[in-house]
Each structure stands twice: as structure tokens, then as C-alpha cells.
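The values are calculated or read from the model by the stated rules, or taken from the named source; none is laboratory data. Only a predicted model underlies this, so the values are computations on that prediction, with no experimental measurement involved. Every residue, glycine as well, gets a Cβ built from its backbone with ideal geometry; the counts of neighbours run over all protein chains shown.
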Amino acid sequence: MSTLRSITNKTYAVYGLKNFIYNNRLQNTQVKKNLSLIHVDTQTSKMSTQAVDLKKIACQAIDESTAILGQLSQEIWNNPELAFEEHKAHATLTKFLEKQGFDIEHHYTSPTGFRADFGTSEHPQPHVVVISEYDALPEIGHACGHNLIAEVGVATGIGIKAALQHALETNQQIGKVTVLGTPAEENCAGGKIDMIKHGVFNDFDFALMAHPFKITMARPLKFALDMVTVKYHGKPSHAAGFPWEGVNALDAAVCSYNNISCLRQQMKPNWRVHGIITNGGSKPNIIPENTELCFYLRAPTVAELKVLSQKATQCFQAAAMATGCEVDIEFGEKSYANMVTNSTLAGLYEANTDEAKVALCTDEALTKSPTGSTDFGNVSQLLPSIHPMYYIGTSVANHTREFAVASGTQEAQDYTLRQSKCLAMTAIDVLCNPNLLVKMKEELHGQLQQKQKQTIG
Ligand SMILES: [Zn+2]
Ligand SMILES: [Zn+2]
């Protein structure tokens with residue numbers, strides 16, 4: 001059963017003047033719209049007294065670490081590092097978590113991965129994993145806000161640890177938390193896919209993370225994603241004297257790009273293909289012998305992505321045939337799966353947003369639009385998972401210089417700590433009621449079975 005509750009400015013006023021930034025944001029039309037309605041699942045919001053107490057302890061622990069968490073985030077933001085090169089972030093985060101009393105495994109499965117554990121997880125006590133990402137983008141730094149994802153992971157871990165510690169003091173072992181440092185999410189580098197191959201996620205019962213974005217929502221749509229490299233091989237010749245003796249690999253590259261543009265007209269609304277020419281030849285007076293393109297292909301499900309990949313392959317082959325070139329089509333080894341949001345877990349998260357004074361967006365034009373891809377999609381097909389997106393004080397898109405600036409502001413800190421509280425409280429709901437875990441796992445099993453039966457229309 002669910003209730004529908006209007007949030008008015010008057011209701012909002014009860015939150016008090018504690019957070020001027022947050023109140024000030026009400027002037028923003030988008031946020032006003034976001035606040036208009038919030039769905040609260042009354043069933044999932046019922047909490048045991050133990051959960052209520054532990055949630056308070058978790059939120060307090062996060063609040064007490066506000067300054068130090070802000071510094072940690074700033075340090076990562078000021079030192080943007082690319083996929084698998086996040087050595088400074090690895091050192092900053094592991095040092096911090098070690099001081100907080102976690103058991104650390106440095107360089108976990110890769111030089112810049114880490115694992116930080118606290119608690120016991122004997123059956124049937126749940127083991128929650130919270131994800132920290134920390135890689136940046138070339139040229140534009142932390143334009144996806146992964147410095148904040150790192151902070152959310154660590155802050156949520158601190159909150160859950162405080163709750164577990166309190167329970168232990170009264171001889172109650174209710175579960176275990178791991179903060180997992182997962183490198184290399186951007187640019188199809190697939191850090192989590194490597195960890196899955198190492199069996200890392202077999203240790204956990206459910207997974208949580210949160211990602212900065214232009215709105216806040218619990219159930220974002222995330223595309224399945226494949227990367228493909230296309231190489232054309234022709235024959236060089238003097239471009240002025242004997243062009244007819246050459247076979248032009250740049251023409252093949254341009255044709256393939258245009259073939260994809262033609263295909264785009266018949267693509268489904270939620271399919272995406274975007275690419276660049278990474279090698280267009282060396283000099284204008286030499287007929288280009290070798291060229292290379294890189295494309296990303298995306299679709300709402302892995303099954304649809306296969307159909308799209310087939311069509312794109314035909315475009316690449318046709319360009320080779322038209323120009324007389326040879327072609328090599330190499331799909332990346334790390335396919336990103338679409339995100340499978342666990343509805344039970346998302347319901348718990350949504351119920352906790354109220355307590356943490358987080359406003360969920362209810363504009364379906366925004367919440368029903370795909371938001372990109374993530375290797376956390378692969379995790380979500382193994383474990384009950386949520387990947388909320390959250391507002392950080394700007395309505396600009398990710399992967400822009402403006403978003404990079406927003407990710408380093410004090411305003412983003414406020415929103416980030418609220419998200420950490422939401423995630424920590426969601427974990428505590430499950431830790432205090434392991435029956436929820438059974439429900440979450442059954443739901444995931446059902447979702448995956450249903451997907452297998454799906455036919456492509
Ligand atoms: Zn990104
Ligand atoms: Zn990102």
C-alpha cells in the first residue's frame with residue numbers, strides 16, 4: 001500500500017532554517033517541481049525501535065565527520081586521476097578508512113582498488129557493500145562528480161559502522177559492512193567487471209551507491225553499453241599524382257560514420273550510438289592507409305543491445321565494401337549491463353529520504369529518461385542493488401566543465417552527506433530485518449527470469 005503526500009512550502013518550513021542552502025534551493029523552479037509529490041511506502045517505512053535508534057547513531061556519526069569528509073572529497077577533486085591511475089585517491093581513502101577502524105585490503109584485485117571491512121557476517125546476518133568510485137575524465141576532471149561518489153561510499157560506511165558498533169556493545173551481531181573502492185568506471189574501463197571476475201561480489205548480500213546528477217531519483221534507467229573499435233585498412237598513394245592507385249581508409253571511416261547517422265533515423269528512441277574518429281590519416285597528400293573509429297552503443301537491455309550491435313556492424317562492413325578497404329571490428333571485452341533496480345531496496349531508500357530531508361524528483365519526463373551507463377549495472381544483476389542519482393545544486397549535465405565545478409562546491413557537500421544518511425538508513429533497515437533480504441533476493445531472481453523471457457519487439 002502506498003500513500004501520496006503533498007509537500008508544501010509550509011511543510012518544508014518545519015525543517016527549520018538549519019540548512020539555508022537547501023531552503024534557498026526552493027527558489028529554483030526545478031526543485032519546487034521536484035518537491036510537489038513524494039511517494040512513501042508505508043509498509044517499508046515501518047521500523048523496529050532498534051532500527052530507529054541505529055539510524056540516529058548512523059546519521060550522528062556522519063554529521064560528526066562533516067569537516068573531514070569534505071576535506072577528503074576536496075583532495076580527490078583537486079587531484080583528478082584517470083581509470084586505473086587513481087593512486088592518490090586510493091591512498092587518501094584507505095588512510096581515512098583505516099583511521100576509522102576498518103580492516104583494509106590495499107590494492108584489492110588491482111593497484112587502485114581497495115576493500116574496507118567492519119563487522120561479522122555469519123549466516124543469516126546480511127553483509128552490505130557500499131561502493132566508492134573515484135576516477136575522473138580526461139581534460140575535464142571530476143565532471144561526473146566521482147569525488148562525491150567516493151565520499152558517499154566512505155560516509156555511508158562510517159554511518160553503518162557506528163550502528164554495527166553500537167549493536168555489538170549490546171552483544172548483537174546484526175551484520176557486516178564493506179566499503180569497496182572500485183576504480184575505473186568511466187570510458188568502458190569496467191573496474192567492477194574485473195572485480196566480478198575475481199568473485200569479489202560473492203561475499204556480499206546487497207549493494208548500495210549514489211551518483212551526483214541534475215535531479216534526485218531512486219530508480220534511474222541505465223543503458224546496457226558496448227564499446228567497439230573499427231579499423232579500416234586501405235593502400236597509400238600520392239594524393240595528387242596517383243590517387244587512383246590508392247585505397248582510401250578515411251573514406252571508409254567517413255562512410256561508416258554516415259551509415260550510423262542513417263541508421264539513427266530507424267533506431268528505437270532509447271537506443272544510442274555515438275563515436276569519434278581516433279585516427280584519420282597522417283597527411284593530406286597521402287591517401288590514408290589506416291584509420292580508426294571508436295563507437296559506444298547503448299540500449300535499455302542487454303538483449304536489445306545485441307540487435308543494435310548487429311545493425312551497427314552491418315554499417316561498418318558496408319563502408320569497407322564501398323571503398324574497397326579491409327575492416328577489423330573489435331568489440332570491447334567489458335560490456336556494461338543495464339541497471340536492475342531492486343524495488344524493495346529502492347522503496348526503503350525512498351522512505352528514508354524524508355528523514356534525511358532529501359527531495360525526490362517526480363517529473364516523469366526526467367525520471368523515465370535514461371541517464372547513461374555504469375558497470376554497477378553488472379553488479380545489479382548479481383545482487384539486490386540501488387544506484388540513486390542525486391542533485392548537487394546544479395541543473396547542468398554531467399561530463400561538462402560546469403558540472404566539474406559544481407562537484408567541488410560546499411553546496412554539493414550538503415547534498416552528499418544527506419545521500420550518505422539515506423543509504424546508511426536503508427542498510428540499517430535490512431540489517432535489522434533480514435526477512436527483507438529474502439524478499440530482495442526473490443525479487444532480483446524474478447526480475448532476471450522475466451528479462452530472459454523478454455522478446456524483442
Ligand atoms: Zn560519467
Ligand atoms: Zn559517473
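Observations, loosely collected:
- Residue tally, condition more than 16 Å from ligand 1 (Cβ to nearest atom) and touching a Phe, Trp or Tyr at 6+ places or on another chain (Cβ under 6 Å), over the range 145-162: 1
- For K95, the criteria (1) within 16 Å of ligand 1 (Cβ to nearest atom); (2) without any contact (Cβ under 8 Å) to a residue 12 or more places away in the chain hold in every case but one, which is (1).
- Qualifying residue in the range 178-199 (condition: within 12 Å of ligand 2 (Cβ to nearest atom), part of a strand (DSSP E or B) and closer than 18 Å to G377 by Cβ): no
- On inspection, L137 passes the criterion of being within 25 Å of S407 (Cβ to Cβ), within 12 Å of ligand 2 (Cβ to nearest atom) and among the hydrophobic types (A, V, I, L, M, F, W, C).
- Selection from the range 159-179 of residues that are of a type in the set (V, I, T) and within 15 Å of S121 (Cβ to Cβ): I160, I174, V177, T178, V179
- Screening the range 86-169 for strands (runs of 3 or more DSSP E) wholly inside it with 2 or more residues that are of a type outside the set (D, E) returns the ranges 114-119, 127-132.
- Residues (part of a loop (DSSP other than H, G, I, E, B) and crowded, with 17+ Cβ neighbours inside 10 Å) located in the range 383-418: L383, P384, H387, P388, I392, G393, T394, N398, G408
- Qualifying residue in the range 163-174 (condition: crowded, with 22+ Cβ neighbours inside 10 Å, more than 16 Å from ligand 1 (Cβ to nearest atom) and modelled with pLDDT under 95): yes
- Taken over the range 215-265, the residue count meeting the criterion of being part of a helix (DSSP H, G or I) and buried (at least 23 other Cβ atoms within 10 Å of the Cβ) is 4.
- Flag not set for T426, criterion: modelled with pLDDT of 95 or more, more than 23 Å from L221 (Cβ to Cβ), more than 15 Å from ligand 2 (Cβ to nearest atom) and of a type in the set (S, T, Y).
- So V128, is it buried (at least 23 other Cβ atoms within 10 Å of the Cβ), under 21 Å from A91 (Cβ atoms) and of a type in the set (A, V, I, L, M): no
- Selection of the range 177-199 for residues being in contact with a strand residue (DSSP E or B) (Cβ under 9 Å, 6 or more places away or on another chain), more than 16 Å from ligand 1 (Cβ to nearest atom) and either free of Cβ contacts under 8 Å to residues at least 24 places away in the same chain or under 19 Å from N342 (Cβ atoms) (or both) yields V177, T178, L180.
- Residue under evaluation I174, criteria (1) more than 16 Å from ligand 2 (Cβ to nearest atom); (2) within 21 Å of E151 (Cα to Cα); (3) touching a residue at least 60 places away in the same chain (Cβ under 8 Å), criterion not met: (2)
- In the range 395-411, the residues that are in contact (Cβ under 8 Å) with a residue 12 or more places away in the chain and of a type in the set (G, A, S) reach residues that are within 11 Å of ligand 1 (Cβ to nearest atom) and part of a loop (DSSP other than H, G, I, E, B) with C-beta atoms within less than 6 angstrom, at least six apart or across chains, in these pairs: A404/I140; A404/H142; A404/A143; S407/H142; S407/G145.
- Residue, nearest to ligand 1 (Cβ to nearest atom), within the range 357-382, restricted to residues that are in a loop (DSSP other than H, G, I, E, B) and buried (at least 20 other Cβ atoms within 10 Å of the Cβ): T374
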